[in-house]
Structure formats: structure tokens, C-alpha cells
Amino acid sequence: MTADPETRIRELRDQIERANRMYYQLDAPEISDAEYDALMRELLELEEAHPELQSPDSPSQRVGAPPLPQFSPHTHLTPMLSLDNAFGPDELRAFDARVRRALGLQGDQSVAYMGELKIDGLAISLTYEEGVLTTAATRGDGRTGENVTPNAKTIRAIPLRLEGAVPSPLEVRGEVYMLHPEFARVNREREENGEAPFANPRNAAAGSMRQLDSKVTASRKLGFWAYGIGRPEITGVSTQSELLQWLSRLGFPINPHARLLNGIEECVEFTEHWRTAREELPFDADGLVFKVNSLALQAELGSTARGPRWAIAFKFPAAEEQTVILDVTWQVGRTGVLTPVAELQPVSVGGVTVSRATLHNEGEIERKGLQIGDRVSVRRAGEVIPEVVAVVERSPESRPIVPPTHCPACGSMVEKSEEEAARRCVNFACPAQTLERIRHFASRDAMDIVGLGDKIVALLVEKGFITDAADLYVLHERQKELEQVEGLGELSVAKLLAAIEDSRTRPLERVLFALGIRHVGASAARNLAQRFGSFERLMEADEQELLGTEDVGPATATEVMEFFRRDENVRLVRRLLEHLKPEGPSQAQGSLFEGQTFVFTGTLQHMSREEAEALVRSMGGRAASSVSSKTDFVVAGEKAGSKLDRARELGVPVLTEDEFLSRLKDLGEGQSAGPAETLF
Ligand code: IVH
């Protein structure tokens, strides 16, 4: 019944790559993320069990490789040139005049151009040999870039193997970029972990590609759009527009907004359309690129040392203006970290008035050499919060930005830790922290209390209705009073109270995340909830037990212990538990395997591996895909491979499938009507 491993591996690779194409190229996903993950897991396990069937173009490469000590240089077969810029319609017309003059065209003869969005990301060159991706490199100085192959392989939009007959070697050029929602998610996560956020999606994409640890790249969702190749003449096509089609047929995602334009006036219209339309794009585009469509004419025009004569980059009028830093204030975050914010003389940037801009952190202030009173350039890129780009002019009155020694919100002493390079207010009762903590508690990924947005939280704190998250659950006792508050009213109060009521049964992992313990993001919260099953057990856990949890390292373990060491936190949790009924997996169902991690390998006889894993999870245990010192048991089915060896190496107990089942049964008999009984 089961296919032989080689056939199954081929099937899985095809299915995964098809899913990637449907998602990234055609924007029409056919399978869910969970189904994708299941296929990938099966593939990883089969390849691990059959190392001889591993291959550099397998989608399993997309999960990341061991970290590199450094990047190696890669010399491009064809140099990656850059483009001349045009900053307005007249400069665009001048470009067209140069093109027509060089081609000896008459006044009424127009040139056809391909107009494409200029994606604001990181340019990369992908080399395919006999259709297989062998190297991915950054542009570097145009001749030699950095070899970032393991990172590029984690990008699902980049094909690892091309179908059909393809010229070899083939260098495909394009842009790696990050969508705005992913940019926001990555920055949220970084702030959660006390790391400096990326200033914009381009930096986030570039930073993710220039990671020595490709697992970090794999954890970020990056996109890729192809827009050219090293030597177009090897394709047999005759225009840029056909070249894009050709790339698309090979499996590369092509930006759907490219248009064939006849003559430079159509190009000018195209710029007018995108000047405002780009605001709606879910990614950053900093301009448009116009390319002479005919490849024969491109060849005739040739290149200078700087760039091709047949293309130009049109830069959108900079969403960048100049203004003055009037002052710097320090915002207090949920965990007490102080973030500098520039108070600016209001200025309109790309149609939006900007009066504040984040300065990110002290390091950023130093790097940019900013002072209060400086004339600076300010940028707003896409949906990104405005940022100060650089000093334009120093005024004689300019004075250094001095970080505060006391918290601006509560006046407590501020501490600066060596390793974090951040200052923080250590007063737990600081009103600014309180506000941020409750906002976080109610937010969508935490308790998801619909209607309890930032403004309402601020209002409730200001009016003294709440001083911590637990107060939310007694708010209903003051319904009448609430209805009297300006800006609330009967209906909104009723809705708010219903939403709070609804949040009482959020699962343990969400409550844990909602507490806002430093370093405990959504994923660590999930793993901690899985392993400990209840607050009681988590609060009793020692460092070793915490460290035995997947994804929990020393920094997180310390923060969790530190959190529960504080009386005010323990009191808060106890008060919350008077009202909440967190539905953790191991509380709601069995707890036979609570805190235990299982790894299944080989073929099982009585159930599929997915079923076995689900069973473990339903009993409060964890099912992992690889064996480590944190694994409690390996269950080996038939034809178990390298995982079994690894288990033996590490001294992890190995069970046969029958042993696993009888263990389940024996343990189950100790409980009354537990899930094990319903199963057997
Ligand atoms: S064509 C020789 N097309 O903009 C032609 N470039 O200097 C080279 N870019 O960093 C580039 N979108 O990575 C081209 N549709 C597009 C582009 C694009 C973004 C980037 C490119 C390079 C810069 C051009």
C-alpha cells in the first residue's frame, strides 16, 4: 500500500513545489499551511531515513541549513549593472530622446517600453545549472557579490529546479522583498525579544538575506520577483515582455503590474498613475523601471560602465521632506524599555502630516549623529512609521540628546543593562507600563478582546476603572458607572463587557502570551503551555524544567522565573485565574503524557504518524520531528532510520509501536474514563 520511499519522496517534492507555485506565482493557494507543513515534515523524515535520496534541489532545503561562519564571494557570470535615475517627466523624456537619437529614429517614431514597478528590496542573482539552483548571490559591487544560497533556498517563491529544457548556466535576476504585514510581524517579534526593530521592509529583507543562520531567514516570509536574466539572448525570445512570460513559464513569480507602453508619453502617464496608486500596494516600490522592449534594440544601444543605455529608473517624488527636531521624548513600553521619539515641526510628507518620528534606540541616534535643533530629512515609506533619515544642517542652537536618568512617566530611576543597550524603567507599577501591558493583554494575538482597543484602554485607565488586566473581569460590576463615561454609552459598554466575558475561556497559551513576559512570544507561550499544562505547574518549574521546553533558552527561562518571583505578578495571575478558565490542551483532555516529548520514526502499523502525534498531543504531550536531548521517547516503527541511531547516541529511550500502545493503555487504566479508554 505504501509507496517505496523514492517514489514517495518524488511525489512529496512535486506536491510541495506545486503548492509553492500556486501560492507565490499564481496567488491561488490550494492547500492550507498545516497541510503544507505535514507534507514537508513527511519529506524531511523520509530524507533523513534515506540519506542517499537527499538532493540539493529538494524543497526540504527550504527549512534552512547549519549556520555559515561567513559568506563566500561569488563572481557573477554577467555583471549586475545599476540604472540611471530620472526624477520627473522631463528627465524621462530626455532619456527617450537619447534612446531615439542613438537608434537614429525620426521625430514621429516611438519606442515601445516595458514599464515595471521598482521593488524596494534586495537585488539577487540566481544561477541555475542544468535547471538546478546552484548559487544565489547579492549584487555586491556588481561583479562580485555574497553567496547567500542557503538563505535563498528558504524562500518558497524561488524555484529550486526548473522544468523542461532550460539554457545552462542561467542567471536569473530579481528582487527579494517583504510584505508589509510580515514586516509588522517581524518587528513585533523583535520588540517582544527586546531587539531593535528594522527601520523599513527593505532593511528587513536585506537583513534576513544576509543572515549567517539560514533558519532565521526561513522563519521570515520573504517574496521574490524575477525581472531579468544575465544574457537574454540565450532564451530565443525577442522582447522584455516575452522574457517575463518566459520566466513565468519556468516557474518564477513575475510582478503582475508590468505593462507594455507605447512611447514615452504613455510612460509618463504610467508614472502619474503609480505616484498615488503605490500607496495601496502591500509592499514597497520606490519607483518604476522603464526598459526598451525589443532585445535587438537593447543590444544596439549597449551599456556604459555604469548601466544599460536602454533602461532607466524613475524615482517617485521622495516621500521625504525636511524639518526640524524640536525635542525628543522617551516613550515607555510594556516591559519598561524607553524608546526615543523625535518631536518634529509638523511637515507634510507624501500628503500626510508628520509631527513625530521614532528614533528606534540610542544606537540609532549615535549612528545618525542627531541633535535637538537639527534640520533633518524625514521619510515615510509605504505604511511604515515615519523615520528621521539624516541630519541636513546643524544649527548653532543644536544640543545633544540626553537619555533620561528617571522614567518620564513615573519618575523612578532608569536602569541600563550592558547586554541590551536599552534603558528601562524598573517600576512595575509605572502607569505607562500598566497601560501598555493592558493593551497587550487585550490585543488580537493575546486575549483578543474585540472592542478593547488602545483608546478605550487609555480611557479606562485614566478614569481609574482598571489598573491591571484582572480588573477587566470585574468591570461588569460597574456597568452603570461605565455607561456614564463620555465616549462610551450603553451599547458599546454592553458589547465591551460581552467581549471581555467571551475572553474568559481563551486557552492557556494565549493567557500566558497575554501576560507579556519578556521573551515569551506566541510560540514560546504555546510550548510552555503544552509542557506544563497549568499556571500552577509553570510557577513551580525550576530552570532545568523550563530549559527542557522546546524553543526556551536561558534568556527566556530567566525571564519566566523572574516574572513569577515577583509577588505582584503572582497576585495578578491568581486574580486572573479567579475569572479565567484557560483551556490548555492538557487540562481540557488527558494528561497522561504531560510534559513528555515523543518523536515517531519509521512506518507504524496501527495508525499513521500524524494520528499517533495527535494522540500524544491530546494527552498533553509534545510530538517533535527531530531527536534531541529534550526528547523523552522515540517510538520506532518499521524501517526506522537515522532518528533511531540518534536516539541511541543520546541515550533516549526507544519504544516499539506495541510498547507505546501498551504504555498508553496501562497509563490509561490508572485514570477513569480517560481518552485512552475511548480509543481502545
Ligand atoms: S532592472 C540592468 N527591474 O532597482 C537592469 N531593477 O538599479 C538592472 N529593481 O537594485 C535592473 N525592481 O534590484 C530592474 N523591475 C525591476 C526592478 C529593479 C527593482 C532594483 C534592482 C536594482 C535597482 C536598479
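Here the peptides 531-538, 627-634 are ranked by packing, the mean other Cβ count within 10 Å, and the order with the highest first is 531-538, 627-634.
Classify region 498-615 as rounded, prolate or oblate, taking a ≥ b ≥ c as the square roots of the eigenvalues of its Cα gyration tensor: rounded when a/c is under 1.5, otherwise prolate if a/b is larger than b/c and oblate if not. Oblate shape, in that a/c is at least 1.5 and b/c is the bigger or equal ratio. Helix-only arithmetic for the chain: the sum of -39500 (n - 2.57) across DSSP H runs with n ≥ 4, divided by the residue total, places the mean residue ellipticity at 222 nm at -11000 deg cm²/dmol. Computed with a 1.4 Å probe over protein heavy atoms only, the accessible surface of region 300-433 comes to 49 Å² per residue. Using the Cβ-Cβ distance between SER628 and GLN106 with R0 set to 56 Å, the FRET efficiency works out to roughly 0.15.
Plainly put, region 83-210 has a radius of gyration that is 1.09 times its Kirkwood radius, both from alpha-carbon atoms, as the Rg/Rh ratio. Pairwise over distinct Cα atoms, reciprocal of the mean inverse distance: report the Kirkwood radius of region 1-134 in Å, one decimal place. Kirkwood radius, region 1-134: 20.0 Å.
Qualifying chymotrypsin sites (Phe, Trp or Tyr not before Pro) in region 407-479, where qualification requires a DSSP coil assignment and no more than 13 other C-beta atoms within 10 Å, are lacking entirely. Under a Cβ-Cβ cut-off of 13 Å, what is the net charge of the residues other than ARG62 that fall near it, where Lys and Arg count +1 and Asp and Glu count -1? That sum, taken over residues with Cβ under 13 Å, equals +4. Most tightly packed first, judged by the mean number of other beta-carbon atoms within 10 Å of their residues, the peptides 142-149, 160-167 read 142-149, 160-167. Each residue, GLU638 and LEU547, gets one label point 7 Å from its Cα in the Cβ direction; the gap between the two is 4.2 nm. Atom-type composition of the exposed protein surface of the chain places 49 percent of the accessible area on carbon and sulfur (1.4 angstrom probe).
Which shape class, rounded, prolate or oblate, goes with region 349-416 when its Cα gyration tensor gives a ≥ b ≥ c as root eigenvalues, a/c under 1.5 marks rounded, and past that a/b bigger than b/c marks prolate? Since a/c reaches 1.5 but b/c is at least a/b, the shape of region 349-416 is classed as oblate. Here the mean projected area of the convex hull built on the C-alpha positions of the chain is 35.9 nm².
Debye-formula intensities of region 423-512, expressed as log10 I(q)/I(0) at q = 0.15 Å⁻¹, are -0.55 (one equal scatterer per alpha-carbon, no solvent). For region 304-368, the list of trypsin sites (Lys or Arg not before Pro) that fall in a loop by DSSP and count at most 13 other C-beta atoms within 10 angstrom reads ARG306. The packing ranking of peptides 103-115, 289-301, highest mean first, is 289-301, 103-115, where packing means the average number of other beta carbon atoms within 10 angstrom of each residue. The calculated FRET efficiency for the pair VAL389 and ARG8, based on their C-beta separation and a Förster distance of 60 Å, comes to about 0.70.
By the rule of a second cysteine Cβ within less than 4.7 angstrom, the chain holds isolated cysteines at CYS267.
The values are calculated or read from the model by the stated rules, or taken from the named source; none is laboratory data. Bear in mind that the values here come from a model prediction, so they are computed numbers and not experimental data. Heads up, the Cβs are rebuilt from the backbone with ideal geometry, glycines too, and the neighbour counts pull from every protein chain shown. Note: accessible area is taken over every heavy atom of the protein model, side chains too, but ligands, DNA and RNA are not part of it. Shrake-Rupley method; radii C 1.70, N 1.55, O 1.52, S 1.80 Å.
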